[in-house]
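Shown next, in structure tokens, is the structure this report addresses.
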Amino acid sequence: MYRKGQYPSRQFYARRTLVVARELIGMHLVHDDAGTRRVGRIVETEAYQGPADLAAHSARGRTARNEVMFGPPGHAYVYFIYGFWYCMNIVVREEGVPHAVLIRGLEPVEGLTDKTWGPGLLCRAMNIDRTLNGADLLGTKLWLERPSMPKRARITRTTRIGVDYAGDWAQRPWRFLDRDSPYVSTVSAAARNKALKRATPPSTLEKRRRPFNAI
């Protein structure tokens, strides 16, 4: 599968976690899914900085499940939750420092037809599962690209979702998002539908309104 545009080096992922989490906004996540190119623009991320960060999987120490987090940067950490969803993280910082960035929202670019707002939904749409756990993001199966014509993003920073159990760590503003994207996981259904309707070309809307017997 061919690549488009530029893609980050290993050093990009080896930097400070919050820097990487912010700079991932607007980049494209690409999966060569058995010859089908699936691409989404990253619009929402969360940083996890264990083992001190009690919201991070690595806060529990090194296990078979989170082993990838302790490895070299620029690899995918994919885990399974609630008996149903896969979630994808990107391992950052130097080897031995178990930090990762969760991908929480994608804006469809190519080869995506399912919902992509939320970490589980986007993995289902991208067909990402545990077989990709540990995948090298400098490889040819799963990778990131800088789009040749990047879309402007107004980035907002806020607290992470669903980590109230982590005490004071839950209050850290380690979630980054494109405030103008309807594909952010916390956008209401009404606001999302309204935004997507505005973004739909008038010709497409006209076709949808035509009766089936129209010529």
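The values are calculated or read from the model by the stated rules, or taken from the named source; none is laboratory data. Just so we're clear, the structure is a prediction, and the values are computed from it rather than from any experiment. Cβ sites come from the backbone with ideal geometry, for glycine too, and all protein chains shown count toward neighbours.
Scanning the stretch 164-184 for residues that are surrounded by fewer than 20 Cβ atoms within 10 Å (Cβ to Cβ) and of a type in the set (S, T, N, Q) gives a single hit, Q171.
Figure legend. Inter-residue proximity from the stretch 89-100: first residues more than 15 Å from A52 (Cβ to Cβ) and in contact (Cβ under 8 Å) with a residue 24 or more places away in the chain, second residues polar (S, T, N, Q) and assigned to a strand (DSSP E or B), beta-carbon distance below 9 Å, spacing 6+ or different chains. Indicated pairs: I90/T45. Picking from residues in the stretch 82-114 that are small (G, A, S) and at pLDDT 95 or above, the one that is surrounded by the fewest Cβ atoms within 10 Å (Cβ to Cβ) is G96.
With respect to T186, is the statement that it is touching a residue at least 12 places away in the same chain (Cβ under 8 Å), assigned to a loop (DSSP other than H, G, I, E, B) and among the hydroxyl-bearing types (S, T, Y) true? Don't jump to the end; show me each part of the working.
On the way: touching a residue at least 12 places away in the same chain (Cβ under 8 Å): yes; assigned to a loop (DSSP other than H, G, I, E, B): yes; among the hydroxyl-bearing types (S, T, Y): yes.
Yes.
Within the stretch 130-177, the set of residues being aromatic (F, W, Y) and more than 15 Å from the chain's Cα centre (by Cα) comprises Y165, W169.
Only one of V78, V30 is under 12 Å from the mean Cα position of the chain (by Cα), closer than 26 Å to M149 by Cα and at pLDDT 95 or above. Can you tell me which?
Selected residue: V30, the only one of V78, V30 that is under 12 Å from the mean Cα position of the chain (by Cα), closer than 26 Å to M149 by Cα and at pLDDT 95 or above.
Out of curiosity, is K151 at pLDDT 95 or above and either under 19 Å from V39 (Cα atoms) or in contact with a helix residue (DSSP H, G or I) (Cβ under 7 Å, 6 or more places away or on another chain) (or both)? For K151, the condition - at pLDDT 95 or above and either under 19 Å from V39 (Cα atoms) or in contact with a helix residue (DSSP H, G or I) (Cβ under 7 Å, 6 or more places away or on another chain) (or both) - is not met. The residue list P72, P51 contains one member that is over 21 Å from A153 (Cβ atoms), in contact with a Ser or Thr (Cβ under 9 Å, 6 or more places away or on another chain) and in contact (Cβ under 8 Å) with a residue 12 or more places away in the chain, which is P51.
Residue-wise test of (1) in contact (Cβ under 8 Å) with a residue 60 or more places away in the chain; (2) under 15 Å from V101 (Cβ atoms); (3) surrounded by 13 or more Cβ atoms within 10 Å (Cβ to Cβ).
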position	(1), (2), (3)
T116	yes, no, yes
G120	no, no, yes
R124	no, no, yes
R130	no, no, no
L137	yes, yes, yes
L142	yes, yes, yes
P147	yes, no, yes
G162	no, no, no
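Apart from one condition, R157 fits all of (1) assigned to a loop (DSSP other than H, G, I, E, B); (2) at pLDDT 95 or above; the exception is (1).
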